[in-house]
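Since the structure comes first, as structure tokens, the remarks are kept for the end.
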Amino acid sequence: METTHRVFVGDSRALESVDDESVELVVTSPPYPMIEMWDDLFTSLDPAVGEALEAGDGRAAFEGMHAQLDAVWDELERVLVDGGLVCLNVGDATRSLEESFRVYPNHARVLEAFEARGFDPLPDVLWRKPANSAAKFMGSGMIPPNAYVTLEHEYVLVFRKGAESREFEPGADQRYEAAYFWEERNQWFSDVWTDVQGELQSLADGRDEDIRDRSGAYPLEIPYRLICMYSAYGDTVLDPFWGTGTTTLAAMCAGRDSLGSELEDAFLEVFTDRIDDVSTLSHAVARARLERHREFVTRRREDGETFEYEATHYETPVVTKMERDIRFHEVASVDSISQNSDDEYGYRVEHAPLSE
Ligand SMILES: C[S@@+](CC[C@H](N)C(=O)[O-])C[C@H]1O[C@@H](n2cnc3c(N)ncnc32)[C@H](O)[C@@H]1O
């Protein structure tokens, strides 16, 4: 199996290099409005944002920042196929301006923006980040009423373009081979994720933590899981806020095509380092899924349960008929491919079936 991955250095408010209705899934995390690390970026996109911040007008700054994201949402509406899905990781912001503290509800503003563009919201996921400090509480300590709850969660908002789901031929291989295990379904389709810093993240390379601090990168587990949940083999996954390319890395591991667009060309260098290890990473990710499944099988048998079905490509039983054809791939080779301009980068990835 072969996949292609293209990245454009440019502004996603005009995704000129991406054709109409050519994308099945968007997985992304925008810069979060009203989080200070993105003030300069939003001000460079619209100087009025900086003026509003200077004037202490939080509402105008919040709206001005979201107006920049809205232009990208317009482009997603154009490039997605009917029934295509958007998975959008976003967190709310808390901030004091002119000495007044409040929350800026990014998730609610994004939800309104997608509904206004004809997307249907689907059930979302709360991603709970691990709490790491007892000194995290804000406000007046132990005395009521002016202390504030700490935000320790982010959202993965999910939208479908239009009212209808995508259709597939009955028994289509690209869907059945992309199946996930029954026990993965139970974990992944829960609406609260507390385990995203788990095993898969430790398989990603050790530079990830530092990269995340500097670029707002999300853990590999988030796009990997979403790609497995919401796309089939042969689909194209787009990230219009590409950053260090975590979505593309996840798409390579999951065996899907990908497209990315990013303003900062400096991040491309970070990505070049990251794909050096993608063969090892993709092997480890797929192996870990199979191993975890076999541990699940052992536990279930110990509990006296039996299995009715055998997997076709691996020596293991599965719970349901739908999982039988599940098939993992690992990256065998990555080659650069030439693109139409200096602002485009492309990779052709050869995938091999997972070696047992
Ligand atoms: C939260 S970061 C995404 C990080 C990414 N998920 C990762 O794992 O590295 C948001 C990214 O969007 C980029 N960005 C912001 N506005 C953009 C725009 N209009 N067009 C393209 N990229 C943009 C920023 O430069 C930043 O790298």
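How high is the FRET efficiency between residue 273 and residue 306 when r is their beta carbon distance and R₀ equals 35 Å, given to the nearest 0.05? In this case the efficiency is close to 0.15. One compactness figure for the chain is 1.04, namely its Cα radius of gyration divided by 2.2 N^0.38 Å. In a DSSP loop and with at most 14 other Cβ atoms within 10 Å, the GluC sites (Glu not before Pro) in region 4-103 are 16, 21, 98, 99.
Volume of the convex hull of region 234-319 (Cα atoms only), normalised per residue: 117 Å³. About the Cα centre, and with charges only on the beta carbon of Lys, Arg (+1) and Asp, Glu (-1), how big is the dipole of the chain? Nearest 20 debye, please. Here the chain has a charge dipole of around 1180 debye.
Model label points for residue 292 and residue 336, set 7 angstrom from Cα along the Cα-to-Cβ axis, are 3.5 nm apart. For the pair residue 348 and residue 101 in one chain, pulling the backbone fully straight at 0.36 nm per residue adds 84.1 nm over the alpha carbon distance. Note on residue 54 and residue 19: with the Förster distance fixed at 45 Å, the Cβ-Cβ geometry gives a FRET efficiency of about 0.65.
Read-outs: derived from the displayed coordinates by stated rules, not from any lab. Please read all numbers here as calculations on a predicted model, not as lab measurements. Every residue, glycine as well, gets a Cβ built from its backbone with ideal geometry; the counts of neighbours run over all protein chains shown.
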